Every structure is written in C-alpha cells, then in structure tokens.
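Trainee: Quick one: the structure is below, questions incoming.
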Amino acid sequence: MKELVLRISTGLVFLVIVIGAIWLNPYTLASLFYVVGVLGMLEYYSLTKFGGHHPQGTLGVITGTVLYVTIELVKLKVAGTAIVSLSIPFFMAIFVYELYRKRPEPFTNIAHTIIGIVYIMAPFALLNVFTFEEIIIEYKPEVVLGFFVMLWLNDTGAFVFGKLLGRTKLFPRISPNKTWEGSIGGGLTAFSGAVVISTYTDEISIINWLILALIIVVAASFGDLVESLLKRSLKVKDSSNLLPGHGGILDRFDGVLLASPVAFTYLMLFVHTKP
C-alpha cells in the first residue's frame, strides 16, 4: 500500500510539472525538456558503464546541449536552420577524443556516446518544435500537450486492459508482462483521447489527431520495448531510482524517445508547411 501511495504521489507531481511547464511558456517547456534530456543521457551513460563500457559522458552531454540549444534557437526564429550544423564539430570531436582515452573497445564507447545524444536528447529537442510556426506570434502548446495526453492515455489504457484482459503475450522475449489485449486497449484509449482533444482545439484537424494517436501507440510501444531490451541486456530492473515508484527518466519517458521523432516527421511533412 505504501509503495502504491508513493507511486501515485510521484505520478501526480510529475504530471503537474510537465503540464505546467508545457502550458506556461516556451521557455519553461524548453528548460524542462533540456533538464530531462541531460538526466536521461547521464542515466544512459551510467547504465552502459554498469555494463562495462566507457562512454564519453561529459563530451556527450556538451554535444547534446549544443544540438538542443541550436534547435531551440531555430524554433524561436533567433537563427536559421544552418546553426544546427554547429553540433557537427562536436560529434567529430567524440571520435578524435577517443584516440587519447586508451580505453578498451573504443568504437563501442563512441557508439554509446552518440546513442545517448541521438536516442535521448534529440527526441526532447524535437518536442520543442511541434508548434514552431505559431511561437513567434503567440505560444500555443496544444499539440505538444495533446501528444503527452495521448501518450499517457495509451500507457494507462494498456496497463488497465492488460491487467483485466491480458492473455496473449506481445513480445515475451523482451517484455513478458506486455500483452496484445493491453496494447489494443491502450490504442483505443489514445484514439478516444484524440477525438476529445480535437473538440477543444483547432490547431490541427481530427484526422491529424487520430494519425498522431496511431503514431504514438505504435512508436511508444516500440520505445517501451527498446528500453526493456536495454535494461535486459544490462541485467537491471530500472534505469535508476530517480523517480520514486517509477524508476528513472528512461523508464518514465521511454515511449517519448521513439514517438517524438516519428510524430515530428509527420507534422513537418503533412501538417506544417514551413521549414
């Protein structure tokens, strides 16, 4: 009972912080996701060190920061898209610096350093760009907030339907507790949420909300499995104990890490028309 209360309390605080940061202004949004991104990267690097590898934690975070900040400057119309190329020399520095470290498996270390940036920091940077067209005139957080609401509904629906009806294993080799019944229930919950959200905002059409819900259901499910694969390969239960009752940043945001880039791609190609 005590653990359940702790989990619920942490979850409520988490929801208030995320929703508040998204709703308040673009700067609180960017600040929150930057902090979450850095914590997620450090968590990932710590996990890989536990697995016997030696990623370049400091240079990885610096490179991720440059990538994040330059993308944010483009979103705020402070600079053109060319500024994102500033991150390229930092990526190259990761290869050069490994020459001087004299660590075993140098290219594995390079790979884990870059994965921490691409897998964790980049998706959080892209979340900032979901409403980039309107930000210069008026901050409208509906799309990114709707993204998270549908993601949470999918997670909640999958948990409830899985507990009540779960019989058929979804991917037993990686995550034995996940079922097809839970995944379908999560999808139905997310689609219902998309319909409700579309009635309260005219930022994008109901069709686009439903497509985003589909993207979230599929990509977030794979994101969850990928993070489970990571933990299973390193033989750990949670990515950390940062969030009491919920594990770590990667445990809490695993669905975001794959859903954000796919949702961003759809929005840029089929909804937003300006670079």
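Trainee: Only one of these conditions is not met by residue 104: (1) under 28 Å from residue 143 (Cβ atoms); (2) surrounded by fewer than 20 Cβ atoms within 10 Å (Cβ to Cβ). Which number is it?
Mentor: Condition (1) is where residue 104 drops out.
Trainee: What number of residues within the stretch 33-45 satisfy the criterion of being surrounded by 21 or more Cβ atoms within 10 Å (Cβ to Cβ) and among the aliphatic types (A, V, I, L, M)?
Mentor: Number satisfying all stated conditions: 2.
Trainee: Return the only residue of 48, 81 being among the β-branched types (Val, Ile, Thr) and crowded, with 20+ Cβ neighbours inside 10 Å. Walk me through how you get there before you give the answer.
Mentor: Numbers: 81 fails: crowded, with 20+ Cβ neighbours inside 10 Å.
Step by step, each of 48, 81 is checked, and only 48 is among the β-branched types (Val, Ile, Thr) and crowded, with 20+ Cβ neighbours inside 10 Å.
Trainee: Could you give me the residue pairs with C-beta distances under 6 Å whose first residue belongs to the stretch 24-47 and is more than 21 Å from residue 145 (Cα to Cα), whose second residue is of a type in the set (Ser, Thr, Tyr) and surrounded by 21 or more Cβ atoms within 10 Å (Cβ to Cβ) wherever it lies, and which are 6+ apart or on separate chains?
Mentor: Qualifying pairs under 6 Å: 43/239.
Trainee: Among all residue pairs at least 6 apart or on different chains, which show Cβ distances below 7 Å where the first residue, located in the stretch 228-254, is among the charged types (D, E, K, R) and the second is at pLDDT below 85 and part of a strand (DSSP E or B)?
Mentor: 238/247; 252/243
Trainee: Tell me the residue from 58, 81, 70 that is of a type in the set (Val, Ile, Thr) and either closer than 19 Å to residue 227 by Cα or out of contact with any helix residue (DSSP H, G or I) (no Cβ under 7 Å at 6 or more places or on another chain) (or both), please.
Mentor: Sole residue among the options that is of a type in the set (Val, Ile, Thr) and either closer than 19 Å to residue 227 by Cα or out of contact with any helix residue (DSSP H, G or I) (no Cβ under 7 Å at 6 or more places or on another chain) (or both): 58.
Trainee: Another question, then. Could you list, in sequence order, the residues of the stretch 163-219 that are under 22 Å from residue 260 (Cα atoms) and of a type in the set (Lys, Arg)?
Mentor: Of everything in the stretch 163-219, just one residue is under 22 Å from residue 260 (Cα atoms) and of a type in the set (Lys, Arg), namely 178.
Trainee: Collect the residues in the stretch 56-86 that are closer than 19 Å to residue 109 by Cβ and not hydrophobic (A, V, I, L, M, F, W, C), keeping them in residue-number order.
Mentor: Across the stretch 56-86, the qualifying residues are 56, 57, 58, 60, 63, 64.
Trainee: Right, here's the next one. Within the stretch 153-170, count every residue that is within 21 Å of the chain's Cα centre (by Cα) and buried (at least 18 other Cβ atoms within 10 Å of the Cβ).
Mentor: 5
Trainee: Filtering the stretch 128-141 down to residues that are buried (at least 19 other Cβ atoms within 10 Å of the Cβ) and out of contact with any Leu (no Cβ under 8 Å at 6 or more places or on another chain), which residue is modelled with the lowest pLDDT?
Mentor: Ranking the candidates gives 132 first.
Trainee: Can you go through 269, 257, 250, 234 and tell me which one is at pLDDT 75 or above and closer than 16 Å to residue 144 by Cβ?
Mentor: Working: 269 fails: closer than 16 Å to residue 144 by Cβ; 250 fails: closer than 16 Å to residue 144 by Cβ; 234 fails: closer than 16 Å to residue 144 by Cβ.
So the residue among 269, 257, 250, 234 that is at pLDDT 75 or above and closer than 16 Å to residue 144 by Cβ is 257.
Trainee: Separate question: Taking the stretch 159-201, which residues are modelled with pLDDT of 90 or more, among the hydrophobic types (A, V, I, L, M, F, W, C), under 28 Å from residue 232 (Cβ atoms) and touching a Leu at 6+ places or on another chain (Cβ under 6 Å)?
Mentor: 180, 190
Trainee: Is there a residue being among the small types (Gly, Ala, Ser) and touching a Phe, Trp or Tyr at 6+ places or on another chain (Cβ under 6 Å) anywhere in the stretch 139-150?
Mentor: No; the residues of the stretch 139-150 include none that is among the small types (Gly, Ala, Ser) and touching a Phe, Trp or Tyr at 6+ places or on another chain (Cβ under 6 Å).
Trainee: Pick from the stretch 1-55 the residues that are closer than 30 Å to residue 98 by Cβ and among the charged types (D, E, K, R): which of them is modelled with the highest pLDDT? Talk me through it step by step, then tell me what you get.
Mentor: First, the residues of the stretch 1-55 that are closer than 30 Å to residue 98 by Cβ: 33-55.
When the remaining residues are screened for being among the charged types (D, E, K, R), the result is 43, 49.
Working: 43: 93, 49: 89.
Looking at residues that are closer than 30 Å to residue 98 by Cβ and among the charged types (D, E, K, R), I get 43.
Trainee: Checking residue 199 against (1) assigned to a helix (DSSP H, G or I); (2) crowded, with 18+ Cβ neighbours inside 10 Å; (3) over 19 Å from the mean Cα position of the chain (by Cα); (4) among the β-branched types (Val, Ile, Thr), which test does it fail?
Mentor: All conditions pass for residue 199, except number (2).
Trainee: Restricting attention to the stretch 59-83, which residues are modelled with pLDDT under 95 and under 21 Å from residue 35 (Cα atoms)?
Mentor: Residues satisfying the conditions are 71, 72, 73, 74, 75, 76.
Trainee: Give me the pairs, please: first residue somewhere in the stretch 193-218 and charged (D, E, K, R), second residue anywhere and surrounded by 17 or more Cβ atoms within 10 Å (Cβ to Cβ) and outside any loop (DSSP other than H, G, I, E, B), beta-carbon distance under 6 Å, and either six or more positions apart or on two chains.
Mentor: Filtered contacts from the stretch 193-218: 203/142; 203/143.
The values are calculated or read from the model by the stated rules, or taken from the named source; none is laboratory data. Quick caveat, the model's predicted, so the values are computed rather than measured. Note that we place each Cβ from the backbone using ideal geometry, even for glycine, and neighbour counts take in every protein chain shown.
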